[in-house]
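Okay, so here's the structure we're looking at.
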Amino acid sequence: MLLSPALALVLLQGSDTLRIREAVTTPRFDGVATEAEYGIPAVTLATAQGSVAIWVVRSGDTAYVAARMTDSTFYWGDDFVVNLDPLGDRTPGPGHDDTQWYLRRVLDSSVVNRGRHGRWMAPGDDPDWRLGKERSGDGWEVLGASDARGWSVELKLPVMWFADDSGRRATIAFRSYDDSPHAWYAWPAPRPGERPTRVEMLPGQWAVVWVRSVP
């Protein structure tokens, strides 16, 4: 069903939003994400150990999704998850156009899933598929870094994944896991009674992305 422009605007205004701003300087794509490099985070999640700081910026025709997790208790499976629907069509579950970057502290163990029939599916439907030594895929690149105080990731992809001159606007959601104290955190925030992990399964709850001056 097609929405009238007025109704679409009302729905967008009632949603969480994420605005992609122009970077002051092109980020150093090295896996290390800091406020000194990216500025004020677009999203901050309070955690038991500190915070998850998330930035989304553009430099020319490239977008950078970066996150820094305060986490002094190393565990290979700590994760940061980016869920992106380039069409923003708010299907009931992950659809064929949706991509999920399931990025772990040990980046080799990460998985890049695609939506299908309301579920996230690994490449080739192989449940044992992992990123391994690869750090790029279909138009995207990722790097990570870890130290005694925490860890960070940087995901680089074309800005056209988020919007274009047709008026299309993507939707996005983030989720993080910290093994100590075995807790999950999500943005947009889960609805009352929902677990944070449910947000990644519900594209209808994801935030609308606004990109300044889409080419």
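The values are calculated or read from the model by the stated rules, or taken from the named source; none is laboratory data. Note that the structure is predicted; figures quoted are calculated from it, not measured. When we count neighbours, we look across all protein chains shown, and the Cβ atoms used for this are built from the backbone with ideal geometry, even at glycine. Remember, those area values only see protein heavy atoms, side chains included, never the ligands or the DNA or RNA. Shrake-Rupley method; radii C 1.70, N 1.55, O 1.52, S 1.80 Å.
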Residue that is surrounded by the fewest Cβ atoms within 10 Å (Cβ to Cβ) [pool: residues in segment 28-47 that are within 17 Å of residue 209 (Cα to Cα) and in contact with a Ser or Thr (Cβ under 9 Å, 6 or more places away or on another chain)]: 44
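Going by what's in this entry, would residue 7 be described as part of a helix (DSSP H, G or I), open to solvent by less than 60 Å² (accessible area, probe 1.4 Å), out of contact with any helix residue (DSSP H, G or I) (no Cβ under 7 Å at 6 or more places or on another chain) and modelled with pLDDT under 95?
no
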Among the residues of segment 93-134, the number that are acidic (Asp, Glu) and touching a strand residue (DSSP E or B) at 6+ places or on another chain (Cβ under 6 Å) is 1
Taking segment 140-164 and keeping only residues that are of a type in the set (D, E, K, R) and open to solvent by 10 Å² or more (accessible area, probe 1.4 Å), one is left with 141, 147, 149, 156, 164
Which pairs have Cβ atoms under 6 Å, sit 6 or more apart or on different chains, and link a residue in segment 74-95 that is open to solvent by 10 Å² or more (accessible area, probe 1.4 Å) to one that is among the β-branched types (Val, Ile, Thr)? 76/106; 88/171
Answer yes or no: is there a residue in segment 42-55 that is closer than 18 Å to residue 200 by Cβ and touching a Pro at 6+ places or on another chain (Cβ under 7 Å). yes
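Condition check ((1) closer than 19 Å to residue 69 by Cα; (2) in contact with a Ser or Thr (Cβ under 7 Å, 6 or more places away or on another chain); (3) touching a residue at least 40 places away in the same chain (Cβ under 8 Å)) across all residues:
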{"residue": "103", "(1), (2), (3)": "yes, yes, yes"}
{"residue": "109", "(1), (2), (3)": "yes, no, no"}
{"residue": "139", "(1), (2), (3)": "no, no, no"}
{"residue": "145", "(1), (2), (3)": "yes, yes, yes"}
Please verify whether segment 48-61 includes one or more residues that are among the hydroxyl-bearing types (Ser, Thr, Tyr), at pLDDT 95 or above and either open to solvent by 70 Å² or more (accessible area, probe 1.4 Å) or over 25 Å from residue 181 (Cβ atoms) (or both). yes
